[in-house]
Amino acid sequence: MPPTQKKIMLSAVQPSHLLTLGNYLGALRNWVKLQDDYTCLFFAVDLHALTVKQDPKKLREQTYLALATYIATGIRPETATLFIQSHVPEHAELAWILNCFIYMGELSRMTQFKEKSARQGQAISAGLLTYPALMASDILLYQTHLVPVGEDQKQHIEITRDIAIRMNHIYEVSLFTVPEIYTPPVGARIMSLQNPMCKMSKSDPDSNSAIYLTDTNDQILKKLKKAVTDSGSEITLDDQKPGIQNLLQIQAALSEKTPSEIVSEHTGKQYGHLKIKTAEKIIETIGPIRDRTLELMTHKDYLHSIFQAGAKHARERAQKTLAHVYDQVGLIKGRY
Ligand code: ATP
Ligand code: LTN
């Protein structure tokens, strides 16, 4: 299909820590798989990362690292637009408008807000609450058709759709395309290696809970060996064994097989065997991505040139939507 006729696909990751195997299976590798069928925009949401406490130096480094990881996993910078959220000021500008069309009740019901604010104690930033308005802005600015994300982001895509429909209805004009979500059949929710009832999360303070995409082979093997499993010793598809289900999901996702096929491959084997095999599979996939990411991190000028060009291109698109929205809501034309 000629590039101009392709639909828009867009997604992003927060550079709030090192990227994880969950980010890879739930998001990044699906971007790679789908990239040829869409006009793609992928970015690092550094403004979103600020909703929880960040070390400025680390945030900068992690932002480079996120972009480097996108390229290392196979996103082609020649065809996809890669950029950093804060380099396109229209994201924050549209977010303000959207904030005026989202209800407090909707925001406070978000699972991510409830979970993250519970961890913050007294000091819960307003940004954590209004996070979905900025995310909706990220998506709606580009008239996006498809958003490939992990399962935990379903609620945020739903609220984005609701705002788009609401504003299109209020102004009786098509301000925004209503986006669809894509979640993968396997790997949409990888669980923590230390607590298989919780999602693997890059900001989990226990570094044994997650495989980072920059982990060495040795670290991967050690983390898998330490992974919390369940009582019993038989490898079966059983919801009462969440630790084992998680390892089966990871292996299935990495080998493009179903979890039951993985179970058959382990008939008569013990948990320890499953852990080693899972580690080997992770190393096989993550190893080359890690090496390429670290190599790209030694070429920051190259990375810089990619995300500078990406921001310029993204802004051209974003400005069109923002100008239309400003006009429709009744703001006097200024700089546009
Ligand atoms: P944080 O801990 O900072 O909230 P995170 O690890 O949850 O970070 P995000 O930046 O919020 O990661 O998510 C980036 C993308 O990765 C999203 O599409 C999200 O759905 C996906 N994702 C995150 N964690 C997982 C997981 N455990 N399994 C599958 N997909 C995941
Ligand atoms: N909230 C997302 C990250 C994110 C995003 C986006 C994903 C911010 N803006 C736009 C897809 C599209 C998360 O994964 N926590």
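Rule-based calculations on the coordinates, nothing more; no lab input. Here the structure is a predicted model, which is why all the values come from computation and not from measurement. Virtual Cβ from ideal backbone geometry, glycine too; neighbours counted across all protein chains shown.
Per residue, how big is the convex hull around the C-alpha atoms of the stretch 15-69? Give it to me in cubic angstrom, could you?
Values: hull volume 4.6 nm³, N = 55.
Per residue, the Cα convex hull of the stretch 15-69 comes to 83 Å³.
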**Message:** If packing is taken as the average count of other Cβ atoms within 10 Å, what order do 318-331, 155-168, 292-305 fall into, highest mean first?
**Reply:** 155-168, 318-331, 292-305
**Asked** For the stretch 1-101, what class follows from the C-alpha gyration tensor (a ≥ b ≥ c being the square roots of its eigenvalues): rounded when a/c is under 1.5, otherwise prolate if a/b is larger than b/c, else oblate?
**Response** oblate
**Message:** Nothing charged except the Cβ atoms of Lys and Arg (+1) and of Asp and Glu (-1): what's the magnitude of the dipole of the stretch 31-89 about its Cα centre? Round to the nearest 20 debye.
**Reply:** 260
**Prompt:** Which FRET efficiency value, to the nearest 0.05, do you get for T236 and D301 by plugging their Cβ-Cβ distance into 1/(1 + (r/R0)^6) with R0 = 56 Å?
**Reply:** 0.60
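Taking a temperature of 25 °C and a viscosity of 0.890 mPa s, what whole-number D in µm²/s does Stokes-Einstein yield for the stretch 176-280 with Rh from Kirkwood over alpha carbon pairs?
170
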**Fill in**
Taking only the alpha-carbon positions of the chain as identical scatterers, the Debye log10 I(q)/I(0) at q = 0.07, 0.08 Å⁻¹ comes out as -0.30, -0.39
**log10 of Debye I(q)/I(0), alpha-carbon scatterers only, for the stretch 195-240 at 0.14, 0.15, 0.16, 0.29 Å⁻¹** = -0.42, -0.47, -0.53, -1.13
**Item:** Long-range HN-HN contacts of I181 with modeled amide H, under 5 Å
**Value:** V147
**Request:** Give a residue-ordered list of calculated ³J(HN,Hα) values for the stretch 46-53 (Karplus: 6.51 cos²θ - 1.76 cosθ + 1.60, θ = phi - 60°; whole Hz; x for Gly, Pro).
**Result:** 5, 5, 5, 4, 6, 5, 10, 4
**Asked** Over its Cα atoms, what ratio of radius of gyration to 2.2 N^0.38 Å does the stretch 103-190 give?
**Response** 1.17
**Prompt:** Of V173, V178, V52, how do they rank once you tally other Cβ atoms within 10 Å and put the fewest first?
**Reply:** V173, V178, V52
**Message:** Compute a Gaussian network model of the chain, connecting alpha carbons closer than 10 Å, and tell me which residue from P196, P205, P242 fluctuates the most.
**Reply:** P205
**Item:** Mean projection area, nm², convex hull over Cα of the stretch 80-149
**Value:** 5.8
